[in-house]
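See structure below.
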Amino acid sequence: MRPLIIIGSLLVLLVLGKLFIWNKNEATPEKGKGRESVPALRVNTILVSYDNSDQLVYSSGTLAPNEEVELRSEYSGRLVMLNLREGTFVKKGDLIAKIKDDDIRAQMKKVAIEEELANKIESRQKKLLEIEAISKEEYEISVNKVSTLKADKELLNVQLAKTEIRAPFSGRIGLKYISEGAYVTPNTLIAKLVQTNPLKIDFSIPEKYLTKVKLGQQVSFEIDGTTEKFTSKILAIDPQIDPTLRTLKIRGLTSNSNGKLLPGMFVKVELNMGNERSLMIPSETIIPILEGKQVFLKRNGIVEAVNIETGLRNEKMVQVLSGLNEGDSLITTALMTLKQGSKVYSN
């Protein structure tokens, strides 16, 4: 009987312990586990303010030759001379290639002989007409013969000029695609001629900046492999917006007297849109999100995520068009660990 009493007493003690001791311990959160016990995170903040910094638009572009042409012959024949060294500079009018012209020159000699004879006949007919020994119609036939031969001579001179391929402008010869002695036709590519000074620079900017660009405006750009800055001036603005990309195409013109630039180069363009009073924030405080761009503000010790719309920028700062007000406390540190509603403090 006594062992039963002892066993029953132990069971009662176990039940009481479960109810009043263990449950109490389970109900009490461990230190630091509950939300209320999470310490505030220290951050640095700045006050959003207006600035009068230069507003810049960045874009990528491509250098293009000022003039470029494929050298082809207008006349078919065998190439008897090729005055072409790849990569060299040629002046406008320089003879680059010559096609065999023996047949044309032979025709020119024949026409010259016939023309000389026709002139003598016309001279005699004129004297006979003065004494009325022939009719006026006979004299006009001789005059017409002289005019016809002159026209034939001019036609042969035109054909003779087509046997010569000359540089249409000053520039550099590219790679040649044919050798001396080959038979060429108007479809045969001989070489390319490229004018590398000056050079064109083609790039695009968002359509919202249409009213901020004008002809003659200066543009800065850089090329890969160097930190040197080059300058260009806007030569032309496309009269229409790209309906797919919603961008405006712009063409600039830059000097290349030192030969450092080559057509086809990729360039990073910087376009200064002028000085404008606007809200500016550091570019590193902006976080890209699915819906656009976001920044973190500190309000009453709590983090608030705010979506913003940005505009122009300079080297370090970005213009904010909407989402922020002057005097907002912008968080600049610990951005990757913050979230909406987090507790923060700053000195």
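The values are calculated or read from the model by the stated rules, or taken from the named source; none is laboratory data. These numbers were taken from a predicted model, which means no experiment stands behind them. Positions of Cβ are backbone-derived with ideal geometry, glycine not excepted, and every protein chain shown enters the neighbour counts.
If you go through segment 312-323 and keep only what is among the charged types (D, E, K, R) and buried (at least 17 other Cβ atoms within 10 Å of the Cβ), you end up with just ARG313.
None of LEU290, LEU248, LEU271 is in the same structural domain as LEU215 (by TED's automatic domain parsing) and modelled with pLDDT under 90 except LEU271.
When we screen SER232, SER170 for residues that are without any contact (Cβ under 8 Å) to a residue 40 or more places away in the chain, within 19 Å of GLU67 (Cα to Cα) and either surrounded by 15 or more Cβ atoms within 10 Å (Cβ to Cβ) or outside the structural domain of GLU86 (by TED's automatic domain parsing) (or both), the only hit is SER232. Candidates are the residues of segment 44-85 that are crowded, with 16+ Cβ neighbours inside 10 Å and of a type in the set (Ser, Thr, Tyr); the one that is nearest to VAL320 (Cα to Cα) is SER53. I'm checking my understanding of the structure. Among residues of segment 139-151 that are in contact (Cβ under 8 Å) with a residue 24 or more places away in the chain and buried (at least 16 other Cβ atoms within 10 Å of the Cβ), which one is farthest from GLY87 (Cα to Cα)? The residue in question is SER142.
Checked against (1) in the same structural domain as LEU210 (by TED's automatic domain parsing); (2) in contact with a strand residue (DSSP E or B) (Cβ under 6 Å, 6 or more places away or on another chain), SER329 passes all but condition (1).
Residue-by-condition table, conditions (1) under 30 Å from LEU262 (Cβ atoms); (2) of a type in the set (D, E, K, R); (3) out of contact with any strand residue (DSSP E or B) (no Cβ under 6 Å at 6 or more places or on another chain):
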{"position": "LEU63", "(1), (2), (3)": "yes, no, no"}
{"position": "GLU67", "(1), (2), (3)": "yes, yes, no"}
{"position": "GLY87", "(1), (2), (3)": "yes, no, yes"}
{"position": "LYS110", "(1), (2), (3)": "no, yes, yes"}
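The C-beta contact set for segment 81-106 (first residue more than 15 Å from VAL69 (Cβ to Cβ) and without any contact (Cβ under 8 Å) to a residue 24 or more places away in the chain, second residue β-branched (Val, Ile, Thr) and surrounded by 15 or more Cβ atoms within 10 Å (Cβ to Cβ), distance under 7 angstrom, 6+ apart or interchain) comprises ASN83/ILE96. Take the residues in segment 262-301 that are farther than 18 Å from TYR58 by Cα and hydrophobic (A, V, I, L, M, F, W, C), then tell me which one is surrounded by the fewest Cβ atoms within 10 Å (Cβ to Cβ). Taking the candidates together, the pick is LEU290.
Tell me, which strands (runs of 3 or more DSSP E) wholly within segment 296-342 include 3 or more residues that are out of contact with any Phe, Trp or Tyr (no Cβ under 6 Å at 6 or more places or on another chain)? Output list reads 302-313, 317-322. VAL184 meets all of the listed conditions (1) buried (at least 18 other Cβ atoms within 10 Å of the Cβ); (2) not assigned by TED's automatic domain parsing to the domain that holds ASP102 but one, namely (2).
Checked against the criterion of being more than 30 Å from VAL269 (Cα to Cα) and either modelled with pLDDT of 90 or more or outside the structural domain of LEU335 (by TED's automatic domain parsing) (or both), segment 47-55 has at least one qualifying residue. Candidates SER179, SER255: the one that is out of contact with any Pro (no Cβ under 7 Å at 6 or more places or on another chain) and either under 30 Å from MET108 (Cβ atoms) or at pLDDT 90 or above (or both) is SER179. Here GLU309, GLU326, GLU304 are screened, and the one residue that is more than 30 Å from GLY216 (Cβ to Cβ), exposed (fewer than 11 other Cβ atoms within 10 Å of the Cβ), more than 16 Å from the chain's Cα centre (by Cα) and not small (Gly, Ala, Ser) is GLU326.
Results for (1) in contact (Cβ under 8 Å) with a residue 40 or more places away in the chain; (2) in contact with a helix residue (DSSP H, G or I) (Cβ under 6 Å, 6 or more places away or on another chain); (3) under 17 Å from ASP328 (Cα atoms), shown as yes or no for each residue.
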| residue | (1), (2), (3) |
| --- | --- |
| LYS260 | no, no, no |
| PRO263 | yes, no, no |
| ASN272 | yes, no, no |
| LEU279 | yes, no, yes |
| SER283 | no, no, yes |
| GLN294 | no, no, yes |
| LEU297 | no, no, yes |
| ALA305 | no, no, yes |
| LEU312 | yes, no, no |
